[in-house]
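The values are calculated or read from the model by the stated rules, or taken from the named source; none is laboratory data. Note that the structure is predicted; figures quoted are calculated from it, not measured. We place every Cβ from the backbone using ideal geometry, glycine too, and count neighbours over all the protein chains shown. For the accessible areas, the whole protein counts, side chains as well, though only heavy atoms, and no ligand, DNA or RNA atoms are used. Shrake-Rupley method; radii C 1.70, N 1.55, O 1.52, S 1.80 Å.
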Amino acid sequence: MEDCYVKYAMDVIGGKWKLLIIWTISQNEVIRFNDLQRKVDGISSLMLSKNLKELEESNLVIRHQYNEIPPRVEYELSKLSQKLIVVLQSLNEWGCEVYKYKKSSF
């Protein structure tokens, strides 16, 4: 399976936090680091920083640094990652169905 692009995509967006970070940014369009950390429940500053750097290196997130006092950094999705939002919306709907089904079976 040399040309398995699903595997390549999962290498880029896999892990515990990346899709949740992308989804959260998409819900806010542009977001500052601290706001993003508050909205991604349970993520540490170090882990958020690491994942944002990896997403930026993969051209999925755009980082804007403003040389102000105090310094301000904002993140937004690139055009490439915006294509993921349709997939994430479907995943969100599916997750909602699974949640309702699981809840109703108790």
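Annotations for the structure displayed:
- Of all residues in the range 84-106, at least one satisfies being assigned to a loop (DSSP other than H, G, I, E, B), of a type in the set (Phe, Trp, Tyr) and modelled with pLDDT under 95.
- Count - residues of the range 19-58 that are exposed (fewer than 14 other Cβ atoms within 10 Å of the Cβ), over 20 Å from Asn92 (Cα atoms) and not basic (Lys, Arg): 7
- Residues that are of a type in the set (Ser, Thr, Tyr) and farther than 26 Å from Asp11 by Cβ, drawn from the range 24-76: Tyr66
- Residue within the range 16-24 that is in contact with a Lys or Arg (Cβ under 8 Å, 6 or more places away or on another chain), free of Cβ contacts under 8 Å to residues at least 24 places away in the same chain and not acidic (Asp, Glu) present: yes
- Every condition in (1) open to solvent by 70 Å² or more (accessible area, probe 1.4 Å); (2) touching a strand residue (DSSP E or B) at 6+ places or on another chain (Cβ under 8 Å) holds for Lys16 except the one numbered (2).
- Output for the range 76-92, where each listed residue is among the aliphatic types (A, V, I, L, M) and open to solvent by less than 30 Å² (accessible area, probe 1.4 Å): Leu77, Ile85, Leu88
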